[in-house]
Amino acid sequence: MPKWLEFRRVLFRSGQINISISPNPTNGNFNIQVSKDENMQINIYDVIGECIYQHTSISANFQIDLDEAKNGVYFLQLITEHGTATKKLIINK
């Protein structure tokens, strides 16, 4: 991975959980890391609001593969018992 991608990490906070998504922009494969194991629902929506991906996890680290998704802007929604966070995700292959 090129060095500059290491610094393209996006951080946001949902309640008491720190979340990072990297890389962003992505080629379709990216990692999500959270500060602790927690029940969470991950949904990814395209710009017209269609859900293209759903996943439930309790793992603090996991990889998402959206190789089939077209280039464009998407919205990643993460839902936990502490609240909901939404972040823009860019796919550029």
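Scanning segment 12-31 for residues that are open to solvent by less than 40 Å² (accessible area, probe 1.4 Å), at pLDDT 90 or above and closer than 15 Å to Lys88 by Cβ turns up Ser22, Pro23, Asn24, Thr26, Phe30. Take Glu38 and tell me if it is modelled with pLDDT under 95, part of a loop (DSSP other than H, G, I, E, B) and open to solvent by 70 Å² or more (accessible area, probe 1.4 Å). No, not satisfied.
Pairing residues of segment 46-61 that are of a type in the set (Gly, Ala, Ser) with residues that are modelled with pLDDT under 95 and assigned to a loop (DSSP other than H, G, I, E, B), at Cβ distances under 7 Å and at least 6 apart in sequence or on separate chains, gives Ser59/Asp37; Ala60/Lys36; Ala60/Asp37.
The values are calculated or read from the model by the stated rules, or taken from the named source; none is laboratory data. Values in this document were obtained by computation on a predicted structure and should not be read as measured data. When we count neighbours, we look across all protein chains shown, and the Cβ atoms used for this are built from the backbone with ideal geometry, even at glycine. All accessible areas refer to the heavy atoms of the entire protein, side chains included, with ligands and DNA or RNA removed. Shrake-Rupley method; radii C 1.70, N 1.55, O 1.52, S 1.80 Å.
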